[in-house]
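See structure below.
Nothing in this text is a laboratory measurement; each read-out follows from the coordinates by a stated rule. Small disclaimer: the values here were computed from a predicted structure and weren't measured. Counting neighbours? That spans all protein chains shown, and the Cβs are built from the backbone with ideal geometry, glycine included.
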Amino acid sequence: MHILLTGGAGYIATHTCLQLLAAGHTAVIVDNFVNSKPEAVRRTEELAGKKVELIEADVADRAAMEAVFSAHHFDAVIHFAGLKAVGESVEQPLRYYRNNLDTTLTLCETMAAHGCKRLVFSSSATVYGVPDKVPLREDMFCKGCTNPYGWTKYMIEKILQGVCNADPEWSVVLLRYFNPIGAHESGRIGENPNGIPNNLMPYITAVAAGRLSHLNVYGNDYKTHDGTGVRDYLHVMDLADGHVAACDYAMAHSGCEIINLGTGIGYSVLDIVNAFERVNGIKVPYVIGPRRAGDVDMVYADPEKAKRLLGWSAKRNLDDMCRDSWRWQKNNPNGYEA
Ligand code: UFG
């Protein structure tokens with residue numbers, strides 16, 4: 001398959017690109033580098049031993065996307081491009097709605113004009129909002145999101161469902177990611193957040209590296225086994241394999257499917273800290289602080305549908321995630337900067 005990856009220089013996209021190339025597919029990347037580096041693509045090519053065409057463009061730029069689709073015949077598109085910081089979305093709602101919705105609309109209009117109607121979309125477990133119960137199943141009612149970022153994912157899911165309803169030639173897979181962590185086992189590519197990390201694992205690795213003094217644990221009075229928040233962490237390479245399987249599925253089916261990508265196992269913040277310390281032999285000092293606004297007790301997936309439809313399930317365990325996250329950080333103290 002010849003596949004377009006929008007936002008293809010990002011964390012999940014580079015790992016997915018590698019697995020697509022390993023499976024014998026070819027890839028083209030469009031990225032505006034607002035939150036990524038060309039070096040990530042260079043290293044992906046190096047690991048794969050294959051070339052990827054890299055186009056610097058904004059997915060909302062209609063003329064640029066028209067040129068991309070005129071130059072290529074894509075079998076499918078994986079749409080990763082989008083702003084993704086929860087806190088920032090609360091501060092800058094218009095920027096988030098404009099960017100995430102515009103890119104998707106322009107992409108889908110250009111795809112339709114060129115007869116390319118197979119799409120895999122990076123959605124998120126955030127669309128479940130505050131869950132009534134876990135594990136989360138795809139057919140559970142989503143009562144609403146807690147921030148504009150989440151709402152953009154929710155709205156894009158609705159837009160893409162509408163597109164499939166209107167035209168049966170479309171095939172869309174909405175992948176609801178849980179909490180991706182880890183990195184490729186080579187330690188050459190990984191997550192490279194700007195500034196102080198928002199998410200747990202990049203924060204832990206920054207503390208382990210001595211860049212930050214301690215982890216702030218956001219609350220220990222949740223209804224969980226140790227009082228700290230429980231999430232479904234999955235290895236980014238497993239997530240990447242899920243995308244390859246989703247592309248195969250989109251090629252063979254039509255209509256719109258929502259599919260969770262998670263392990264089905266919930267770990268608390270302290271479970272992650274303890275596993276990280278044990279696996280890597282490094283202390284991660286932490287301080288228990290107040291809850292973070294918008295956080296919930298427990299989020300983990302029912303991964304049964306992914307197994308049934310895609311034949312996919314997570315293979316890597318928490319030790320692998322902790323080891324590979326640390327290897328990436330240790331080998332690249334400045335991320336993709338030299
Ligand atoms: N946490 C801390 N300290 C930190 C960072 C996080 O204690 O410095 C805790 C949080 O309170 C939570 C857990 O670690 O209990 C995980 O937090 P993350 O910020 O890593 O992840 P979230 O589950 O809050 O959110 C992530 C993504 C969202 C996505 C969501 C889907 O950041 O984009 O998963 O469930 F929408």
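Basic side chains Lys and Arg get +1 at the Cβ, acidic Asp and Glu get -1 at the Cβ, and with that the dipole of segment 38-176 about its Cα centre reaches some 400 debye. Projecting the Cα atoms of ASN179, PRO38, TYR154 onto the charge dipole of the chain (Cβ charges, centred on the Cα centre) puts ASN179 farthest toward the positive pole. Listed values for segment 38-55 are Karplus-derived 3J(HN,Hα) couplings in whole Hz (6.51 cos²θ - 1.76 cosθ + 1.60, θ = phi - 60°), namely x, 4, 4, 6, 4, 5, 5, 4, 4, 5, 7, x, 9, 8, 10, 7, 10, 10, and x replaces Gly and Pro. Unpaired cysteine residues in the chain (no second Cys Cβ under 4.7 Å): CYS17, CYS108, CYS116, CYS142, CYS145, CYS247, CYS322. For LEU212, the residues 5 or more places off, or on other chains, whose built amide H falls under 5 Å of its own are VAL207. Given springs between every Cα pair under 10 Å in a Gaussian network model of the chain, which of GLY190, GLY255, GLY294 has the largest fluctuation? Answer for the Gaussian network model of the chain: GLY294.
Quote the FRET efficiency, to the nearest 0.05, computed for PHE33 versus ASP132 with a Förster distance R0 of 45 Å and r equal to the Cβ-Cβ distance. That gives a FRET efficiency of 0.65. Near ILE288, the amide H atoms lying under 5 Å from its own belong to VAL217; only residues 5 or more places off or on other chains count, and H is placed 1.01 Å from N. In order along segment 264-274, the phi-based Karplus estimate (6.51 cos²θ - 1.76 cosθ + 1.60, θ = phi - 60°) of 3J(HN,Hα) comes to x, 10, x, 10, 7, 4, 6, 4, 5, 4, 5 Hz; Gly and Pro are listed as x. The magnitude of the dipole of the chain, with charges of +1 and -1 set on the Cβ of Lys/Arg and Asp/Glu and taken from the Cα centre, is near 540 debye. Taking only the alpha carbons of segment 39-98, we obtain Rg and Dmax values of 15.2, 41 Å in that order. Taking only the alpha carbons of the chain, we obtain Rg and Dmax values of 19.1, 55 Å in that order. Spatially, segment 291-338 and segment 140-205 are offset by 12 Å when compared through their Cα centroids.
Grouping the Cα pair distances of segment 153-234 into 5 Å bins from zero gives a pair-distance distribution of 3, 11, 14, 15, 15, 12, 11, 9, 6, 3, 1 percent in increasing distance order.
Can you tell me how segment 251-324 classifies by the Cα gyration tensor, rounded, prolate or oblate, using a/c under 1.5 as the rounded cut? It comes out oblate by the Cα gyration axes.
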